[in-house]
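What follows is one structure encoded as structure tokens, with my remarks underneath.
Quick note: the coordinates plus some simple rules give every number you see, no bench work behind them. Please read these numbers as outputs of a predicted model, since none were measured by experiment. Cβ atoms come from the backbone with ideal geometry, glycine included; neighbour counts cover every protein chain shown.
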Amino acid sequence: MLTQTPLWPEPPAPRMSPRPRRGKRASERRRKRWTIGIVAAAMTMVVAVGSAYALDVFEPEATDPPSAVAGAQAAITESASLQTGLATDLDDARAVLESPDGKAAAKSARRALSTAIEDAERVVTSLESVTTSPSGTEAEATALLKASDALDDDVPAVTAALREATGAVVASGRQARLARAASGLEAARDGLKTALVDGEQVHAESAADAAGRDALRAALDDAGDLTAQADALLGRAADAQAAVGAQVDASPAATAQAGTAKAGAASEASADVLGDAGRLTKALIEATAGIEEAAAAVTAEAADDAAKAEADATDPGADDTGADPGDDTGTTDDTDTVPAATCPEPDQVWSAENGHLSWSELAEIPFAPGHYVRADVVGDLAELNAAYAAEFGVNLTVNSSYRTYEQQEALYDPSSDTAAPPGCSNHGTGLAIDIGGGVQTFGSAQYDWLKVNAEAYGWVHPPFAEPSGRNPEPWHWQSVQAPNSY
């Protein structure tokens, strides 16, 4: 086969030299370096931007405001918590008003606390109204949030006022109770001192073989150092009064600065004093009554002995019949045998029944065993005693009540105004009592309380026994049914 020879033969392909091949490799290396650099720069930018957002360098994109409904739910939870706390303070305040301290507090302090309670109750009612609305719309939720914000501002002020008023009532009442306890204790101590002096005198003047003499001596010895104990307790009471008085006078800021520990210690100390005063006052009164009863027995025995000796001297064959409570033989309904008489004072009225009541007409005083008054007035006296015990923590101390004609005759001394003549004393009518336990002292807390309250229960302090009366006797009280002022 013939081959055709081209007219223009193609030039031969040039040979590649080693230098150009080296240039291609370098170019590839440069491209790789650029790629790595770009990637590194991009990563650096990503890290930098992320850090900037993390550090709040750039402002985040604005979002929609939170829903008012969600905020209202949080407000409801907060209002419930505030309501619980304020309700607890309200319960404490109401309890204080009904406590012994609250009842003894000054009227101004009680009124202030009552006002604070009313304010707190209104706020509690408002807090109860902060609840979810039935539809839960944004508008209702917004209104609820507005009401909640206003209450959040009111609650702290109302709570602080309530607590301050509560503390003021406690301090005022405690101070009044301490003063009253100290007054009662002092009166009981003074009464026992008088009874001790009188009892020692009766004991010294009584016959050595008198049957009641030993009982009187035992009563005097049992009194022991009660008066010394009373003196020591009165000192403690004065200290407690000063501490509580400082709380009353202190401003709220000063009270807060002093701290609750100091206030608590003062309150605890005063509570101890009140408890000890009540127990010691009762012991003093009982010791006084024991001495007076024993001394009266010795005196009555001596009078009976004297009367018997006189009767024997005039009529040796006469029998001695004495009155015995609970036995009608000591009384008589045959009033014709009692001679008519007159009384030495214009405000005294003689009656044939005086001292001769039938025991069926009398009733034993329930809180003073062994003492009797007319049956139709004993109920009023018991009610008076209940009110007195609620105020002072002890019963009325009855030292004398109904007296028979013979008993009044033994007590009567024409040279003294201490006892009325037989037939003229309201003790013989069963309508009068003599009271100790502090009442026997003009101006004592017990006496002043009876002056204000006794008449509401049908018992009074007669004019003759007033400080300006003809025979001042703070201890003598009688029913409004008494026929005269004695």
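A few comments on the model shown:
- Simple point charges give the picture: +1 on the Cβ of Lys and Arg, -1 on the Cβ of Asp and Glu, and for the range 329-479 a dipole about the Cα centre of about 340 debye.
- Using θ = phi - 60° and Karplus 6.51 cos²θ - 1.76 cosθ + 1.60, couplings along the range 401-407 (whole Hz; Gly, Pro as x): 9, 5, 10, 6, 4, 5, 5
- Net dipole in debye of the range 359-447 [+1 Lys, Arg Cβ; -1 Asp, Glu Cβ; about Cα centre; nearest 20]: 100
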